[in-house]
1. Out of the residues in the stretch 1377-1393 that are of a type in the set (A, V, I, L, M, F, W, C) and crowded, with 23+ Cβ neighbours inside 10 Å, state the one that is farthest from the chain's Cα centre (by Cα).
2. Which strands (runs of 3 or more DSSP E) does the stretch 333-424 wholly contain that include 1 or more residues that are without any contact (Cβ under 8 Å) to a residue 40 or more places away in the chain and more than 30 Å from ARG514 (Cβ to Cβ)?
3. What about THR1451, is it of a type in the set (Val, Ile, Thr) and part of a loop (DSSP other than H, G, I, E, B)?
4. Here are the criteria: (1) closer than 18 Å to SER1565 by Cβ; (2) in a helix (DSSP H, G or I); (3) touching a helix residue (DSSP H, G or I) at 6+ places or on another chain (Cβ under 9 Å); (4) of a type outside the set (D, E, K, R). Tell me which single one PRO1071 does not satisfy.
5. Which pairs have Cβ atoms under 9 Å, sit 6 or more apart or on different chains, and link a residue in the stretch 815-829 that is in contact (Cβ under 8 Å) with a residue 24 or more places away in the chain and farther than 12 Å from GLY655 by Cα to one that is in a strand (DSSP E or B) and of a type in the set (Lys, Arg)?
6. Name, by its number, the condition in (1) modelled with pLDDT of 90 or more; (2) within 22 Å of the chain's Cα centre (by Cα); (3) closer than 24 Å to CYS909 by Cβ that does not hold for MET1592.
7. Given the conditions (1) closer than 17 Å to THR527 by Cβ; (2) of a type outside the set (A, V, I, L, M); (3) within 44 Å of the chain's Cα centre (by Cα); (4) at pLDDT below 95, and given that GLY414 satisfies all but one, which numbered condition is not satisfied?
8. Please list, ordered by first then second residue, the pairs with beta carbon atoms under 6 Å, 6 or more apart or interchain, first in the stretch 862-882 and farther than 24 Å from MET826 by Cβ, second among the basic types (Lys, Arg) and open to solvent by less than 40 Å² (accessible area, probe 1.4 Å).
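The values are calculated or read from the model by the stated rules, or taken from the named source; none is laboratory data. Computed from a predicted model, the values in this text were never measured in an experiment. Quick reminder, even Gly has a Cβ in these numbers, built from the backbone with ideal geometry, and neighbours come from all protein chains shown. To get the accessible areas, we keep the full protein, side chains included, count just its heavy atoms, and leave off ligands, DNA and RNA. Shrake-Rupley method; radii C 1.70, N 1.55, O 1.52, S 1.80 Å.
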Amino acid sequence: MCLSFSTHFDRSAISRVSCAGLFFKRQRKGLEARRGSTSFFFIFLLFVAPPDSACLVCSPLYKDVCAEILFAFCSDVCLFSLSAGDITQKGYEKKRAKLLGAYLPQPPGKFLVSLNISEPVSLPVPKPRLLFDVHTEAVQAALAKHKERKVAVPMPSKRRSLVVQTSMDAYTPPDTSSGSEEEGGQGEGTPTSSQGSVSMDHWISRAIHQGSTTSSSSSSTQSGGSGAAGRLADVLAQTHVSKPGNSSTLIFLPSPHPSTAFSLLFFRCFLSNLCLCWLRVPVSSRVSAKIQQLVNTLKQPRRPPLREFFVDDFEELLEVQQPDPNQPRPEGAQMLTMRGEQLGVVTNWPPSLEAALQRWGTISPKAPCLTTMDTNGKPLYVLTYGKLWSRSIKVAYNILHKLGTKQEPMVRPGDRVALVFPNNDPAAFMVAFYGCLLAEVVPVPIEVPLTRKDAGSQQIGFLLGSCGVTVALTSDACHKGLPKGPTGEIPQFKGWPKLLWFVTESKHLSKPPRDWFPHIKDANNDTAYIEYKTCKDGSVLGVTVMRIALLTHCQALTQSCGYTEAETIVNVLDFKKDVGLWHGILTSVMNMMHVISIPYSLMKVNPLSWIQKVCQYKAKVACVKSRDMHWALVAHRDQRDINLSSLRMLVVADGSNPWSISSCDAFLNVFQSKGLRPEVICPCASSPEALTVAIRRPTDDSNQPPGRGVLSMQGLSHGVIRVDTEERLSVLTVQDVGTVMPGALMCVVKPEGVPQLCRTDEIGELCVCSVATGTSYYGLSGMTKNTFEVFPMNSSGAPVSEYPFTRTGLLGFVGPGGLVFIAGKMDGLMVVSGRRHNADDIVATALAVEPMKFVYRGRIAVFSVTVLHDERIVVVAEQRPDSTEEDSFQWMSRVLQAIDSIHNVGVFCLALVPANTLPKTPLGGIHLSETKQLFLEGSLHPCNVLMCPHTCVTNLPKPRQKQPEIGPASVMVGNLVSGKRIAQASGRDLGQIEDNDQARKVCVWHHGAPIFICSSIHPPIHPSIHALGHSGAVLSSLTCLQLHKRAEKIAAMLMERGHLQDGDHVALVYPPGIDLIAAFYGCLYAGCVPITVRPPHPQNIATTLPTVKMIVEVSRSACVMTTQVISKLLKSKEASAAVDVRTWPPVLDTDDLPKKKPPQLYKPSNPDTLAYLDFSVSTTGMLAGVKMSHSATSAFCRSIKLQCELYPSREVAICLDPYCGLGFVLWCLCSVYSGHQSILIPPSELEVNPALWLLAVSQFRVRDTFCSYSVMELCTKGLGLQTESLKSRGLDLSRVRTCVVVAEERPRIALTQSFSKLFKDLGLHPRAVSTSFGCRVNLAICLQGTSGPDPTTVYVDMRALRHDRVRLVERGSPHSLPLMESGKILPGVRIIIANPETKGPLGDSHLGEIWVHSGHNGSGYFTVYGDEALQSDHFNSRLSFGDTQTVWARTGYLGFLRRTELTDASGERHDALYVVGALDEAMELRGMRYHPIDIETSVIRAHKSIMECAVFPWTNLLVVVVELEGSEQEALDLVPLVTNAVLEEHYLIVGVVVVVDVGVIPINSRGEKQRMHLRDGFLADQLDPIYVAYNM
């Protein structure tokens, strides 16, 4: 076994050759060559040469060289595994004297071992180094290695208001905990004392300020406008950006281990060219520089990259971590079971614990049993054995006879009762506990519930319910302090059973009759008590302990600790469970000991109180934890008269924490001069299941030092024991916790799988076979069998014992001499990529970075969360109240580097919370499972977060490698492609449909503007158009005749005032209403080409007016027609600040039209000439005008009329913006063409009155209505709680036949279904709600209409879509995505699915670009702002093979056709079109195509406070912008949740998370997100974000 211990240091008994080889392996890389070579030569001679050969190396020259060498290695020798016990001043000098002998001058009074060398050599005496100093220096050395890299990490941006809210005044609640000073759980951590922290300043200043992060002194926490991110990014001025000639920049960071499995993603960034040409964002942009800085932090993979491949069966396989071939493997022989000493048989030992109480209560009634202290450190109460005996009898009698009735008592022997006592009242607890034992009921000690929402309180309630507890014993003071309801009764806590609270004070109890006496039995197999245990996941289990186990355990402790009668013991531990219960309540009574109980309320005020009581009472034994020793170190300077010579045993209860050795050494180093002997410190290992596993015995022989080992953390992560073979950076020093308990059998088994014995150099779980262990988990037979009934097997598969073993939950090994060593706990184990890491080790490393300066009281929680099928490490720490943003970020950066270097593992998330805000255990420690739950729920409210997914997530699927050539899937035979029919479909034929109304009007439309010969349609005086206001009243109405006359007047005004020619362009800048319609037809009458433009918003001229000016200029409008109000607005002072008002074309006001009869101005035109220009801004931010001819406009209106059956008797409600697309056609053209009555509702009016649209539909008895997604969402959110009131107002939607959502995107199934369900009670039929689909090249391709089959929904595999494949799956399948049909194909429309790259036709159910051929296709782009040739083939494309003659228009949308089993009106099978997403918006990431809506849907589901979300790519990074609906304190909660959600569902790493206010994400009038506008605003730092997180 490759481990050496210093328990028996005898040079003749140690293999010299192995030790010399051990020292050879510990050569420091930083030493000079001369020192290294000669030093190992000397050590080799020292250990290999026989003792009499020392004279060969006694020359003066050699002694001088040895002096230098020894000085360089003296610290290493003493701290190595061959050191003589404790690393203190005395121990150091003792070891130095033994090793160096004649080479050192003999100080007076000191004895040196002679090595037969004539004269000694003088060496300087180095300062001793404590173990926590060693680890601290190792951490700082690891950080110093980063100084040469100088990788600047972008600091998160935070709004000033959020920084102000993170102050202690806003965050810290009043400290009502009884133990806020107590750092239990992982908050205990043993932080370095102030002595150690002083010596680190030099390391920190040299390793950090010069190294890993650039100075952020110029950073700011403001975020106000464009200057905020500028101030935040001043640190980036020194960031290196690659030159254009070297745009492929790759930063390589060397790894401490070349074959490690933790790789870092790297990116080849062509940022210089992208910033200049692609996004038109200046290179000097602060956010751009910050993202460049983030990209520069992404390191090259540490392992060689594997060959990328494309999985053709659509499966994305997560990469499986391959085992490292160089990883250490166990080489020792199989271990044997270790047997403890025989449990002695003492004649005066009582047959049961109750018998012991009876003996001392009657023989020595006045002997003190327990002394309690108040918060001032003065004795509050002394409980004698006589009082304990008499009061326990009284409690037993009252439990059995005074609860319930004589016929039906509430508690019978064997029943369970809860013991609820505060931590400052051990006397009442002791009386109640022994009263339960005497009454033969089973006590279940639990913590006092202070509030109804205590951390873990619900799980405690579940335990009480499963145990059948109906009675809770408590004290009078505790009962008064419990929360009360309005009637004064104690409310039922969440998850708790209904309890009867019973006070156990004597004044409330009845005196038992003289003839009643409890029956004292010998210890048997009945349950004595149940101790609760909190598991890693927060669940609470009850460990049952039998009476025989209770007695045997007390006897084993008595024998191990050498307890005798009337000894005094000081107990600082929780007396309700674990070591505090076993020593302070049970074993003390068995031996008639006097217990001095120190409450944590006293420890909080005076951390030295337990030492003072040891001195005052001359206590022989003290039970503490390592944190008690640490806080005593901090406060000991104020105390002078301390004498610890009376102590013969200092029980360290958390000795199973390997890092408790730091506190032990530091405590001994300080208090050895005050009488503390080294052999007094006795760490022990325990667990709720196995009780005391091992304890170090107090000895009188100071020459028997404790066993120690310096282990390699690299080896420990693989479960193997290896002495450190590298420089002292990643080592763990462990101390023994004694030997196996008397009467017990111990073995070490593998932690996972079959309980097979480990090898001697292998770490495993300790298992104990003894009477003195727990018996079961109450009520959980399955878990009991796996824990308490384990039969370890040897290599041949045979059990090592016929008796079952109990798993302890402790990880460790058994060393030489039967010494037990603990390396961690199963609950703290985190298996990351196949390697095991212990949470306590991570805590120690984080504390060693800057122990007492930053972390508040050493409170750090470390746990793991499962993300993407592997565990990821999360570190949460409380920061000091006076910490600045820069301090926080610097500390987080250093912690990440330290953990990466020391443990060779990446931290997934590092979060900082304000001081004193993490959930606490009853004794003030961090409640780990509750902290983890808050983190997962997004309720932790951190003040700083740093995510590092690029470092941790190494099992992503391989990036897709596209095939460059055309594969067999594009081979066409006849009408089949790849064995399937060609994916093409068409609507009804327009030419074969008879339409009398159309026959009357077609001649008019085909020769130009519509002359209103409408008498055959409806009377000219019948109002055909109504415009409604926000109150629901009709603002204006217009008949066809009135519209005709007004249009004529406008045409005359254009000719007279505007002096326009045929074909001139006119911009119509009108609000939604009838004026816009009249102006449009007036332009047609005058032979002009109208362009509808949304007017600028009066309250937001600066951002809306430039868009108006741009459209007017790009469309080359000869004049602008508008209202008088808008005309003044265009020339106002506010407008002049935004645009140059002098360059407006002539502006005509149509409010004052000429009253004289205008002349006949009708000008017939060619059907192919331009009718109007449809200008719109796409979601990708491109402004373009589509040319619409007269013939296309006529065909468009005819197609819609036939599809929706729009006849003169119909009423149609339109709630759409009238400026572009199908909304404009429905608003201005269809009502005049078809003759139906239109009710026009501007969507902006719904912001004032959300019910306006639905009320109008009900009032006018509308059968057909059209709206946008934004309108539907506004109604769903605004009217969700008002359906009953709307119903009482007479709102009736039962007449609605079709409710069509007009959109240019994938149908939003969740929104339409929510709308249907919400208004179902108002008569809306679910079948009525449907969607349409249109795009720029064709404004309406699909529209459900009134006849035909219902829209169908299919479920496709989202992973296959990323590979441009369609795979249909069942509903509810993993990664399934619902897609709804976008409506029926319009008459006269043909569509085909084509490959967007090869332009070849695709088969049925194949994903491709939707191409359309129709009479109402647009004629082309009038202009494309920025690049007129960008989309030249959008309107004139041909297939590369097959039907190469037909001219198609490319929609730019991906989708697929699928022939369904349904039939349409003609009796043929129905072809359904499913739209997936826009090609322009799709993101190419990792070789796959992602649609933003899919990622956004996952993000919105991640947290209830996410109102809206938008994503976009930037330099291979995914940027996620979320709108926060709630307090700004929740902003940082969203960062890890968003990152986790995208990783889990899409296998993507989020690069930047931006949290903004509600309403920041721009949305157009159709409800579509303007993601590219958002991206430009982010890069220009115009979003005023609450928080920006750069995931490293």
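1. Residues of the stretch 1377-1393 of a type in the set (A, V, I, L, M, F, W, C): 1377, 1379-1380, 1385-1386, 1389, 1391-1393.
Still in the list and also crowded, with 23+ Cβ neighbours inside 10 Å: 1379, 1385-1386, 1389, 1391-1393.
Numbers: LEU1379: 29, ILE1385: 44, LEU1386: 47, VAL1389: 48, ILE1391: 45, ILE1392: 44, ILE1393: 41 Å.
Per the stated criteria, the residue is VAL1389.
2. Values: elements: 368-373, 379-384, 416-420.
Counting at least 1 such residues, we get 379-384.
3. Values: of a type in the set (Val, Ile, Thr): yes; part of a loop (DSSP other than H, G, I, E, B): no.
Here the answer is no, as THR1451 does not meet what is asked.
4. Tallying (1) closer than 18 Å to SER1565 by Cβ; (2) in a helix (DSSP H, G or I); (3) touching a helix residue (DSSP H, G or I) at 6+ places or on another chain (Cβ under 9 Å); (4) of a type outside the set (D, E, K, R), PRO1071 fails exactly one: (2).
5. GLY818/ARG339; MET826/ARG807; LEU829/ARG836
6. (1)
7. (3)
8. Once the first residue is farther than 24 Å from MET826 by Cβ and sits in the stretch 862-882, its partners that are among the basic types (Lys, Arg) and open to solvent by less than 40 Å² (accessible area, probe 1.4 Å) give GLU878/ARG859.
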